[in-house]
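One structure below.
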Amino acid sequence: MPTIVIATLACMAGAFLICGIPSGLIIARHSSEHVDVRKVGSGNIGMTNVARSAGGGAAALTLLCDAGKGYLAIMLGRLVVSQVAFGGDFSQTAALGASGWSTTALYMACVLGHVYSPYLGFHGGKGISVGLGAGLGFCWPVTLMMLAVFLVLAAPTRYVSLGSVSAAISLPIISFAWGIRGAAIAPLLVVAAVVVFAHRGNIKKLAYGQERKFSVHKRGGEKDGR
């Protein structure tokens, strides 16, 4: 088996384990609300449910930690692969580099780790915040365009799920338009499918007009917004 394949698989395992750390659950438990987000709201450990259950500060910290671990995991993976396979030439691990497939595979592992956390019985978040951080390490122009898609749909409607699903669907499309081809696009198709599947309940609620809009928990049980 080629060295680059072995290095990529090892780094994917590391990325999966790093990104599986349930930041939202840990932060909400240690917030002033001391809440287990798995037992309130949507039951999800991601930023949106943390905001509704533990407040804006906890949600912001969750976003920072989830995005941070995604960025850290993919950058460490790229560094290892570049050292093992390209004599330290980091540029070869760029999305359009010689081992673009390796980097998109690392990106996939980051999202899978968050959605299927090995620390929570392979249940977790929905991959959006981790995908943002890992995406900045994978290909920041593509990620910023995805973020624009998210904001255009989520900001005016306050339906985070609408923006999230749309951004996920746009990932392989924008990546292909950016020049990412061949084997490198396959992991991105998996990411899009996994994120959409993780939002299947939200999609059903959107279709029936039952989806909750983004809101922030306030002390005393009140919420800012619907």
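The values are calculated or read from the model by the stated rules, or taken from the named source; none is laboratory data. All of these numbers come straight from a predicted model, not from anything done at the bench. Please note: Cβ atoms are built from the backbone with ideal geometry, for glycine as well, and neighbour counts cover all protein chains shown.
So here's what we get for this one:
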{"read-out": "Among (1) under 11 Å from I74 (Cβ atoms); (2) free of Cβ contacts under 8 Å to residues at least 40 places away in the same chain, the one test that L144 misses", "value": "(1)"}
{"read-out": "Set T48, T62: member being under 19 Å from S117 (Cα atoms), at pLDDT 95 or above and buried (at least 24 other Cβ atoms within 10 Å of the Cβ)", "value": "T62"}
{"read-out": "Flag if K204 is out of contact with any helix residue (DSSP H, G or I) (no Cβ under 6 Å at 6 or more places or on another chain), among the charged types (D, E, K, R) and modelled with pLDDT of 95 or more", "value": "yes"}
{"read-out": "Considering residues of the stretch 64-87 that are within 13 Å of the chain's Cα centre (by Cα) and among the aliphatic types (A, V, I, L, M) only, the residue nearest to W101 (Cα to Cα)", "value": "I74"}
{"read-out": "Among (1) assigned to a loop (DSSP other than H, G, I, E, B); (2) more than 30 Å from K213 (Cα to Cα); (3) in contact with a Phe, Trp or Tyr (Cβ under 7 Å, 6 or more places away or on another chain); (4) without any contact (Cβ under 8 Å) to a residue 40 or more places away in the chain - the single one S82 does not satisfy", "value": "(1)"}
{"read-out": "Selection count, the stretch 171-192, where residues are of a type in the set (G, A, S) and either under 16 Å from S129 (Cα atoms) or assigned to a loop (DSSP other than H, G, I, E, B) (or both)", "value": "2"}
{"read-out": "Selection status of L151, part of a helix (DSSP H, G or I), at pLDDT 95 or above, touching a Gly at 6+ places or on another chain (Cβ under 9 Å) and surrounded by fewer than 18 Cβ atoms within 10 Å (Cβ to Cβ)", "value": "yes"}
